[in-house]
Amino acid sequence: MAETNKILAILDNYLHDNPDEIAKEIAVEFRRRRIEKNLTREQVAEKSGVAVSNIVRFEQKGLISLKNLIGIAMALEYTSEIRHIFSQQ
């Protein structure tokens, strides 16, 4: 059992080393949080100042500028999380 967990942990780390996959995972989590908060893309766009087309592209492909990512994070009340992304050593 311990050996299986070790192999799964190694595999998990390997899968997360791809920037495209990480971006897609962030996009999936963003969409999940947006829906949980009962917000439409249009509402997020209005709150964040990010065009709906950029939100759609982010949700579908994981592509977004850093400025727009910060804007939508703030719109969903994740300001502290985005601000402190590199704060731990």
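The values are calculated or read from the model by the stated rules, or taken from the named source; none is laboratory data. Since the model is a prediction, treat every value here as computed from it, not as a measurement. Because the Cβ atoms are built from the backbone with ideal geometry, glycine has one as well, and the counts that use them run over all protein chains shown.
For beta carbons closer than 8 Å, sequence separation of 6+ or different chains, a first residue in the range 47-70 that is at positive phi and a second that is among the hydroxyl-bearing types (S, T, Y) and surrounded by fewer than 14 Cβ atoms within 10 Å (Cβ to Cβ), there are no qualifying pairs.
Candidates in the range 1-36 are the residues that are basic (K, R) and either in contact with a helix residue (DSSP H, G or I) (Cβ under 9 Å, 6 or more places away or on another chain) or surrounded by fewer than 12 Cβ atoms within 10 Å (Cβ to Cβ) (or both); of these, the one that is modelled with the lowest pLDDT is K6.
Looking across the range 21-39 at every residue that is of a type in the set (A, V, I, L, M, F, W, C) and in a helix (DSSP H, G or I), the one that is nearest to the chain's Cα centre (by Cα) is identified as I26.
Do the conditions hold for E46, that is, is it under 20 Å from E21 (Cβ atoms), assigned to a helix (DSSP H, G or I) and of a type in the set (D, E)? Criteria not met by E46.
Considering (1) closer than 23 Å to P19 by Cβ; (2) surrounded by 15 or more Cβ atoms within 10 Å (Cβ to Cβ), the lone condition that L63 does not fulfil carries the number (2).
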